[in-house]
Amino acid sequence: MDAVSTVQGRAIPFGAKNVDTDVIIPAAWLKTISREGLGKGAFETIRSNPDNIFDSAEFSGAPILIAGDNFGCGSSREHAAWALLDLGIKAVIAPSFSDIFAGNAFKNGIVTVELPQEQIDRLMEVAATDPVTIDLENQTVTTPFQDRFTFEMDPFRKRCLSEGLDEVGLTLTRDQSITEYEKRQADTLPWLAQGTGKAA
Amino acid sequence: MTSKPSTLYEKIWDAHVVETRDDGTSLIFIDRHLVHEVTSPQAFEALRLAGRPVRRPDLTLAVPDHNLPTTPRLNPDGTRIPIADPQSAAQLEALENNAPAFGIRYIDASAAEQGIVHVVGPEQGFSLPGSTIVCGDSHTAAHGGVGALAFGIGTSEVEHVLATQTLLLKRSKTMEVRVTGTLGPGVTSKDLILHIVGVVGTAGGTGHVIEYRGEVFENMSVESRLTVCNMSIEAGARAGLIAPDETTFAYLKGRPLSPSGENWDKAVAWWKTLQTDDGAVFDKTVHIDAADVEPTITWGTSPEDTAPIGGNVPDPASFADPTKQEAAAKSLEYMGLAPGQKLSEVEVQNIFIGSCTNSRIEDLRAAAEVLRGRKKAANVKWAIVVPGSGLVKMQAEEEGLDIVFKDAGLEWREPGCSACLGMNPDKVPPGERCASTSNRNFVGRQGPGARTHLMSPAMAAAATVTGRLTDVRELVK
Ligand code: SF4
């Protein structure tokens, strides 16, 4: 994962609420065995209308997406995050996110920023004509018009994003603790270690 | 042991903490990992690129389901019938190769044990009370029906679990859904969970793990409990739980991967402690009176758009929240419905009885009871019954249920996810309506332009007979 410090540029004022993962990337696109190339399928239904915001020249290459409540609800498909990435989206700003989507976005270096609806409304207004800046270090979203909104961010996620850490690699350094847990569990809850009965 | 009263969720969580970090996250040990073909190829590829093995292949079970056509899989001579779609074939082949390459037990597409991951886990006794279970599929919540803490994960997390057998998690908030009283005749676990999703809303459970409590759940079969917990994700919760009890133990005893002998006794002794203590506090509580639950269906494109079958299509103007008004108006347009229209007059052209929500033997029996001696209505063009696993299929055939379905004019298919998601050949044509026992009615979920009404197996069977959305109580007294 690449390190992220700021995301700056045009923000697509999409604004829709309860955008589910089937809308972000329909199931027909899940047959791939690669992470690449899913941008073509991103928001496919919406983009079947030639006048859609995603294909407008104005927002071509925009790195930020502004959405409504409960963005990314529905399935656990990480393809939703891959599709956004492939579309060039590096951050999503919304009043709330589904838990699984927020996790998937983070694991792919997409910043999810939660702001109250009034601030989202303001950003939607600005985004129609001007760029928006997300500063991860200071946890702020700013506009060229002196708007400055602060957001909360999980410290661990912040560190991973800003340092571009490999989470699997990090956990593997905890190997000893995991092994100790496995020993404890084998003593106290021995049947759980049986699994499929197939030797490791 | 702590003296503070704990909820079931907290007990399972505490038993799985490998270590807790300063930032409040914990490394949680994962006891069971189910893997299917759609969300795993990129995870295996990442392991391969990093030269990392699977830490506990013995705690991992792979089975194909999402992509697999539900038409026959073997020629009469026992050879495999190739899958026509090259992308689906490649995805299935990837799992077939990745599982043995990483030492993981794989259930082949043509094996009797094959089925939808969430049907297979409990059926094989792989999913156990008090265990932590993950799978790259959001309906993993289903396994909460046996009292497991089970939730869906994305592909990066699949990779993390494969490599480390752990996940880095923050403790969730807890939500109690307490149902008092008893369900009326003809009202099933599916009606109840649809009603609950309608009350809680699709974002109501976000950040929470739900525990379903009350007599109604205590009196339910394990199969019905799996149906309820399955749709916890539709209420925004990542997981749902029902405390294990004698019903659970009886269900699990003797299953292929269930503990046996001395281990069984030890397991049951521990499982009995997995109850929310008196005095434990939930972050949120929702009360529901079972007497308020009617046979329930969805009218819109969000699972929270529920209504009793006796009701009407709502008028978008009737919602207080302006965004909900807008969403409802859009839903009705997509669904081709008019405000005030009687739901029982809405015609359906397609019937899907299946999915991890409702494809177990109890579901098929309920549908067959309605269909026995009856025929599919003339306006119903496509009606399929897709058992959740090969073992469910065999059991149903032993009971002659397949004959009941075929006599009524329904197709009897091979196990898989089928028309639950528009990914394999089973799709609902654009603009057509489907009475479906699955769990999602999103725009395009069953195929581009498909219009989905979610309901119980008995209600889907009733719609098959009349060709319209129907109160099953009119057919079965
Ligand atoms: S049946 Fe549907 S919800 Fe269940 S695992 Fe398959 S695709 Fe997911």
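Worth pointing out:
- Test result for B:Val392, outside the structural domain of B:Ser110 (by the TED database), within 16 Å of the ligand (Cβ to nearest atom) and not in a loop (DSSP other than H, G, I, E, B): yes
- Residues (in contact with a strand residue (DSSP E or B) (Cβ under 9 Å, 6 or more places away or on another chain) and within 14 Å of chain A (Cβ to nearest Cβ)) located in the range B:299-321: B:Gly300, B:Thr301, B:Ser302, B:Pro303, B:Glu304, B:Asp305
- Odd one out for B:Lys406 among (1) more than 22 Å from A:Arg77 (Cβ to Cβ); (2) open to solvent by 30 Å² or more (accessible area, probe 1.4 Å); (3) in contact (Cβ under 8 Å) with a residue 24 or more places away in the chain: (3)
- Top-ranked residue of the range A:152-200 - restricted to ones that are open to solvent by less than 70 Å² (accessible area, probe 1.4 Å) and hydroxyl-bearing (Ser, Thr, Tyr), ranked as farthest from the chain's Cα centre (by Cα): A:Thr196
- Restricting attention to the range B:18-47, the residues being open to solvent by 30 Å² or more (accessible area, probe 1.4 Å) and either modelled with pLDDT of 95 or more or aliphatic (A, V, I, L, M) (or both) number 2.
- Criterion (within 14 Å of chain B (Cβ to nearest Cβ), at pLDDT 95 or above and under 21 Å from B:Ser302 (Cβ atoms)) met by exactly one of A:Ala81, A:Ala67: A:Ala67
- The residue of the range B:128-143 that is farthest from the chain's Cα centre (by Cα), among those that are more than 19 Å from A:Ala105 (Cβ to Cβ) and within 14 Å of the ligand (Cβ to nearest atom), is B:Ile133.
- Residues considered: B:Ile81, B:Ile107. Of these, the only one that is of a type in the set (Val, Ile, Thr), within 16 Å of the ligand (Cβ to nearest atom) and open to solvent by 10 Å² or more (accessible area, probe 1.4 Å) is B:Ile107.
- Residue check, A:Ile93 in contact (Cβ under 8 Å) with a residue 60 or more places away in the chain and at negative phi: yes
- Residues (within 16 Å of the ligand (Cβ to nearest atom) and open to solvent by less than 10 Å² (accessible area, probe 1.4 Å)) located in the range A:78-99: A:Glu78, A:His79, A:Ala80
- The residues of the range A:86-116 that are away from chain B (no Cβ under 12 Å) and of a type outside the set (Val, Ile, Thr), listed by number, are A:Asp86, A:Leu87, A:Gly88, A:Lys90, A:Ala91, A:Leu115, A:Pro116.
- Matching residues, the range B:228-284, being of a type in the set (Ser, Thr, Tyr), within 13 Å of chain A (Cβ to nearest Cβ), away from the ligand (no atom under 16 Å from the Cβ) and crowded, with 20+ Cβ neighbours inside 10 Å: B:Ser258
- The range B:17-59, residues that are more than 8 Å from chain A (Cβ to nearest Cβ) and in a loop (DSSP other than H, G, I, E, B): B:Asp22, B:Gly24, B:Ile30, B:His36, B:Glu37, B:Ser40, B:Gly51, B:Pro53, B:Val54
- Answer from B:Ser344, B:Ser318 - the residue that is in contact with a Leu (Cβ under 9 Å, 6 or more places away or on another chain) and of a type in the set (Gly, Ala, Ser): B:Ser344
- Output for the range A:17-46, where each listed residue is surrounded by 15 or more Cβ atoms within 10 Å (Cβ to Cβ), farther than 17 Å from B:Gly154 by Cβ and away from chain B (no Cβ under 12 Å): A:Gly39
- Scan of the range B:453-477 for residues that are part of a loop (DSSP other than H, G, I, E, B) and not aliphatic (A, V, I, L, M), ordered by number: B:Ser456, B:Gly467, B:Thr470, B:Asp471, B:Lys477
- Of the residues B:Glu432, B:Glu399, the single one that is among the charged types (D, E, K, R), more than 13 Å from the ligand (Cβ to nearest atom) and free of Cβ contacts under 8 Å to residues at least 40 places away in the same chain is B:Glu399.
The values are calculated or read from the model by the stated rules, or taken from the named source; none is laboratory data. Owing to the predicted nature of the structure, the values given are computational and were not obtained by experimental measurement. Using ideal geometry, Cβ is built from the backbone for each residue, glycine included, and neighbour counts are taken over all protein chains shown. Remember, those area values only see protein heavy atoms, side chains included, never the ligands or the DNA or RNA. Shrake-Rupley method; radii C 1.70, N 1.55, O 1.52, S 1.80 Å.
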